[in-house]
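The structure appears below as structure tokens.
What follows draws every value from the coordinates through simple rules; no lab data is involved. Keep in mind the model is a prediction, meaning the values are calculated, not measured. Positions of Cβ are backbone-derived with ideal geometry, glycine not excepted, and every protein chain shown enters the neighbour counts.
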Amino acid sequence: MRSRYAAYALGHSDHLFRTWHPHTRPEDLRTQAEGGLSWLGLEILDTVSGGPADETGEVEFRARYRVGAVEGVLHERSRFVRRAGRWVYLDGDVD
């Protein structure tokens with residue numbers, strides 16, 4: 001989760017591509033950093049499973065951002081699955 005947040009913040013769409021499940025990954029992975037959006041901070045609120053012996057996991061987080069002078073918060077519960085031994089983002093529910 002933290003590496004994906006950093007990838008969004010730094011505009012590293014190649015990392016997002018590698019860590020997104022191919023069945024749910026969008027075709028266009030340009031990051032919002034490329035469009036003037038700045039990420040300001042990540043707060044992990046909850047985790048479910050996702051340990052070394054698990055095949056699935058969830059992470060609830062808040063990520064603060066700014067577009068121009070306007071600040072906002074993205075609140076999501078993300079689902080991850082292990083694929084070929086690596087964790088990948090499957091999907092999430094945004095509040």
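Look at (1) 21, 13, 12; (2) 23, 16, 10; (3) 21, 16, 11: the one that is semi-axes √(5λ) of the Cα gyration tensor in Å derived from this structure is (2). Here the calculated FRET efficiency for Leu29 and Arg77, from their Cβ-Cβ distance with R0 = 30 Å, stands at 0.90, rounded to the nearest 0.05. Sites count as exposed loop sites when they are GluC sites (Glu not before Pro), lie in a DSSP loop, and have at most 15 other Cβ atoms within 10 angstrom; the longest stretch of the chain without one is 56-95.
Can you pull out the chymotrypsin sites (Phe, Trp or Tyr not before Pro) in the stretch 21-95 that DSSP calls coil and that have at most 11 other Cβ atoms within 10 Å? Passing both the DSSP loop test and the Cβ count: no residue.
Here the dipole of the stretch 2-94 is about 260 debye; that uses its Cα centre as origin and unit charges on the Cβ of Lys and Arg (positive) and Asp and Glu (negative).
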